[in-house]
Amino acid sequence: MNFYYNEINKNQSNIELYNAFDISNLSNFIARLIGKQAIIFLITILMILLICQMLLFIIFVLRQPPHVKEYFDNPEKNAPVTFVDKLSNEFAIPLGFLGTVVSIWVSLEEGYIDYSSFFQILEIIKLAIFTTVLGLSIKILCIIRGALKTLPESK
């Protein structure tokens, strides 16, 4: 570092000092360090919730044996279904939007993207939209299943 400050004439050189922990470079450093892992983590959680909601929806829609119907009709007695529904209702949309923000942030911090290319911009937006759609799909499936549960049975 002393070499940079003492020996190089900054006005006549193209050399710049890059300090990863400098306050101006902190966003870039964090995005490169944990950004992609955060996106993978959020997508994994959202996919697990979506699969659980799809399975619960399929089980609910199909003709159920009476003991299965009683299991789903008494949420206070079945902690796993209640837990999945609670996570889906409260956290699906916020996690989807968090995935959107994180994926855009990480994409903007990467240095190899050509922002004049339409296809590169679509690559940035693709993952962001995917996480939002996952979150909304989970919430919609949960709402539909709840609405179907309250409808009177037709015989």
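The values are calculated or read from the model by the stated rules, or taken from the named source; none is laboratory data. These numbers were taken from a predicted model, which means no experiment stands behind them. Cβ sites come from the backbone with ideal geometry, for glycine too, and all protein chains shown count toward neighbours.
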When residues of the stretch 102-122 are limited to those that are surrounded by fewer than 13 Cβ atoms within 10 Å (Cβ to Cβ) and not small (G, A, S), the one nearest to F41 (Cα to Cα): L122
Residue count for the stretch 75-111, restricted to those that are at pLDDT below 75 and over 24 Å from I48 (Cβ atoms): 1
Search result, residues across the stretch 133-142 that are touching a residue at least 12 places away in the same chain (Cβ under 8 Å) and surrounded by fewer than 17 Cβ atoms within 10 Å (Cβ to Cβ): V133, L136
